[in-house]
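Structure record follows, encoded as structure tokens.
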């Protein structure tokens, strides 16, 4: 894994979900030694930092943020499927002979 640096924190972990990436940064000399950020996959523009004092809390936050993104993407997929299914049913009805 490529280790980058952002705001004085060394990126130690990355987790990609869809087009998003969540990272943990570590800086031993900072008041909050760990941070989690979100960024667009493949970019280095980190935002929405959550600062933590220990690695375990940072890891939990990283996983929770990634899981929230999974749930969000799943809800989008379900909405898309709901819209597509009635359209497919309408097409099937047009091909059925009338009784």
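Can you list residue pairs whose Cβ atoms sit under 8 Å apart, with the first residue in region 11-24 being closer than 12 Å to residue 68 by Cβ and the second being at pLDDT below 95 and assigned to a loop (DSSP other than H, G, I, E, B)? Count only pairs 6 or more apart in sequence or on different chains.
Filtered contacts from region 11-24: 18/41; 20/41.
Does region 35-52 hold any residues that are part of a loop (DSSP other than H, G, I, E, B) and free of Cβ contacts under 8 Å to residues at least 40 places away in the same chain, and which are they?
41, 42, 43, 45
Taking region 22-37, which residues are surrounded by fewer than 20 Cβ atoms within 10 Å (Cβ to Cβ) and in contact with a strand residue (DSSP E or B) (Cβ under 6 Å, 6 or more places away or on another chain)?
Of everything in region 22-37, those that are surrounded by fewer than 20 Cβ atoms within 10 Å (Cβ to Cβ) and in contact with a strand residue (DSSP E or B) (Cβ under 6 Å, 6 or more places away or on another chain) turn out to be 26, 27, 32.
Go through region 22-32 and count every residue that is under 13 Å from residue 61 (Cβ atoms) and either in contact with a helix residue (DSSP H, G or I) (Cβ under 6 Å, 6 or more places away or on another chain) or assigned to a loop (DSSP other than H, G, I, E, B) (or both).
Residues meeting the conditions: 3.
In region 1-21, what count of residues is obtained for those that are in a strand (DSSP E or B), touching a strand residue (DSSP E or B) at 6+ places or on another chain (Cβ under 9 Å) and surrounded by 13 or more Cβ atoms within 10 Å (Cβ to Cβ)?
Counting residues in region 1-21 that are in a strand (DSSP E or B), touching a strand residue (DSSP E or B) at 6+ places or on another chain (Cβ under 9 Å) and surrounded by 13 or more Cβ atoms within 10 Å (Cβ to Cβ) gives 11.
Within region 42-99, restricting attention to residues that are closer than 12 Å to residue 22 by Cα and modelled with pLDDT under 90, which residue is surrounded by the most Cβ atoms within 10 Å (Cβ to Cβ)?
Residue satisfying both the conditions and the ranking: 44.
The values are calculated or read from the model by the stated rules, or taken from the named source; none is laboratory data. Since this is a predicted model, take the numbers as computed values, not measurements. All Cβ positions, even for glycine, are placed from backbone atoms using ideal geometry, and neighbour counts span all protein chains on display.
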